Amino acid sequence: MSAGTKPIGRPGLSVRPWRPVVTLASVVACAVLAAGALAGAVPFAVALILVSAFVVGGWVVLLNLPTPRGTAAVLASSAVVMVGCVLVSGRDGVSWLPAAIALSLIAEFGHQLGRRDGRPRLVESVSSTVAGIAVLASGVSMLPLAAYEGGPQVVLVLMVAAAVAAIADVAVRWKAPPLVGAVVAGGLGASAAAIGAAVLPSCGVPVLFAAAVGALAGSAGHLVRRVQAVLPYLYGRRAQLASAASSVLMLGVLANVAAWLGNTW
């Protein structure tokens, strides 16, 4: 970049500020998923589709990807196929999730083959779309928990931990080092998860294990938002909502870890 050239994104935005919308939307996404899990499998599937819609609608904006319509179509169809496949399969949904992911990847490669613009930034487009599919898949992996005794409570505990840990996002406003923010978020998540596991023994997760998973969820969610905070296109509302939703959905794998530790499966 030559001297005097302004960076891509909002003019004059040399230091990325704290985005309250991202933090608030993360808390709301956690609340929606927790409520859906407690309401049953179908409401949980609807909640996952709703939160995934924000990733679908803003992922291409957040990462400034080429062919936004095609990429959004791939992500949208992937979310619907994965949720539908897991919902229909019931308790065996996780075993069918890889097949749904494979179909999503085939759709993405088909989308790239169908491009008529010379395929600029091909590697960036494919890798970013695959990353979006992985985020959606991680969230959908929580869906089978709704069919197991104690499974909804596991999701509730994890979402409460992630929501409480979002308070650490304020550390970005204070320009604290990322490690400090991650430690604060991990501590908040561990405390919230431990309290939740103690209050809800029906989830079957030992308090110590719940604290460990809560710490991972809190720090991971915070770090994802912290990494995305430096992206030049995060000033838009669609990009901010996508950042928030992705930081919550990617915690789905940890919900399965907590369920496994609590012998919910």
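The values are calculated or read from the model by the stated rules, or taken from the named source; none is laboratory data. Keep in mind that this is a model prediction, so the values were computed, not measured. So basically every Cβ, Gly included, is an ideal-geometry build from the backbone, and we count neighbours across all protein chains shown.
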query = Right, residue 247: within 22 Å of residue 152 (Cβ to Cβ), among the polar types (S, T, N, Q) and in a helix (DSSP H, G or I) or not?
reply = yes
note = The residue from 58, 90, 70, 84 that alone is part of a helix (DSSP H, G or I) and at positive phi is 90
remark   = Conditions (1) more than 18 Å from the chain's Cα centre (by Cα); (2) farther than 11 Å from residue 158 by Cα -> residue 226 fails only (1)
Residue pairs meeting the criteria (Cβ under 6 Å; at least 6 apart or on separate chains; first over 10 Å from residue 239 (Cβ atoms) and buried (at least 24 other Cβ atoms within 10 Å of the Cβ), in the range 51-71; second among the hydroxyl-bearing types (Ser, Thr, Tyr) and at pLDDT 95 or above) = 55/246
inquiry  = With farther than 20 Å from residue 138 by Cβ and surrounded by 24 or more Cβ atoms within 10 Å (Cβ to Cβ) as the only criterion, which of 210, 259, 198, 190 stands out?
reply    = 190
task = Test each condition in (1) surrounded by 17 or more Cβ atoms within 10 Å (Cβ to Cβ); (2) farther than 19 Å from residue 255 by Cα; (3) not β-branched (Val, Ile, Thr) for residue 143 and report the one that comes out false.
result = (2)
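Per-residue answers, yes or no, for (1) assigned to a helix (DSSP H, G or I); (2) within 20 Å of residue 47 (Cβ to Cβ); (3) in contact with a strand residue (DSSP E or B) (Cβ under 8 Å, 6 or more places away or on another chain):
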| position | (1), (2), (3) |
| --- | --- |
| 120 | no, no, no |
| 124 | yes, no, no |
| 134 | yes, yes, no |
| 139 | yes, yes, no |
| 146 | yes, yes, no |
| 159 | yes, yes, no |
| 169 | yes, no, no |
| 176 | no, no, no |
ask   = Among (1) closer than 23 Å to residue 75 by Cβ; (2) touching a residue at least 24 places away in the same chain (Cβ under 8 Å); (3) not charged (D, E, K, R), where does residue 172 come up short?
value = (1)
remark   = Of the residues in the range 63-118, those that are farther than 29 Å from residue 43 by Cβ and polar (S, T, N, Q) come to 64, 67, 112
